[in-house]
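Below is one structure, written out as structure tokens; the observations come after it.
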Amino acid sequence: VRRDDLDADTRDRAVQGELSRARIRADLEAAGLASSRAGADRLVDELVAEAREHAERRAVEDEQRKRINGLDVPSVELPRLPDGIDLGGLYELADRLRGAIGAGR
């Protein structure tokens, strides 16, 4: 699953395309990442699109979680590894599974 970095209100606004572009731009400027108006506009567009995609995917994951919980079977959630699966990531997931099994989930 993806990390839940957005609160419910922000996720809803992201899905609806209602995030404050002015606030995002101000944050970019404060961080020194808006070197030009056109560059800032493009970056704001990309961030808004990324937030929407993240919020939509989290909504799908939440719905699937509800369905699985309704089955009353053991389950374990593993984090999405943003860099993909490599040997280190595989070991990380294996450790989490061992921990969950040991905790009786």
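The values are calculated or read from the model by the stated rules, or taken from the named source; none is laboratory data. Everything quoted here is computed from the prediction, not taken from an experiment. Heads up, the Cβs are rebuilt from the backbone with ideal geometry, glycines too, and the neighbour counts pull from every protein chain shown. Keep in mind that these areas ignore ligands, DNA and RNA; they rest on the heavy atoms of the full protein, side chains included. Shrake-Rupley method; radii C 1.70, N 1.55, O 1.52, S 1.80 Å.
Considering only the Cα atoms of the chain, their convex hull presents on average a projected area of 8.9 nm². Solvent exposure of the chain, expressed per residue, is 75 Å² of accessible area, with all protein chains present and a 1.4 angstrom probe.
Once the Cα atoms are used to define both axes, helix 21-30 deviates from the longest principal axis of the chain by about 80 degrees.
Work out the length of the dipole vector of the chain about its Cα centre, built from +1 on the beta-carbon of each Lys and Arg and -1 on the beta-carbon of each Asp and Glu, and round it to the nearest 20 debye. Here the size comes out at about 120 debye. Taking the C-alpha atoms only, the angle from helix 87-102 to the longest principal axis of the chain is near 50 degrees.
Between Ala31 and Leu87, the C-beta separation translates, for a Förster distance of 30 Å, into a calculated FRET efficiency of about 0.30.
Using the alpha-carbon atoms, what tilt in degrees (0 to 90, nearest 10) does helix 37-70 show relative to the longest principal axis of the chain? Relative to the chain, helix 37-70 is tipped by roughly 20 degrees. With all protein chains in place and a 1.4 Å probe, the accessible surface of the chain carries 50 percent carbon and sulfur.
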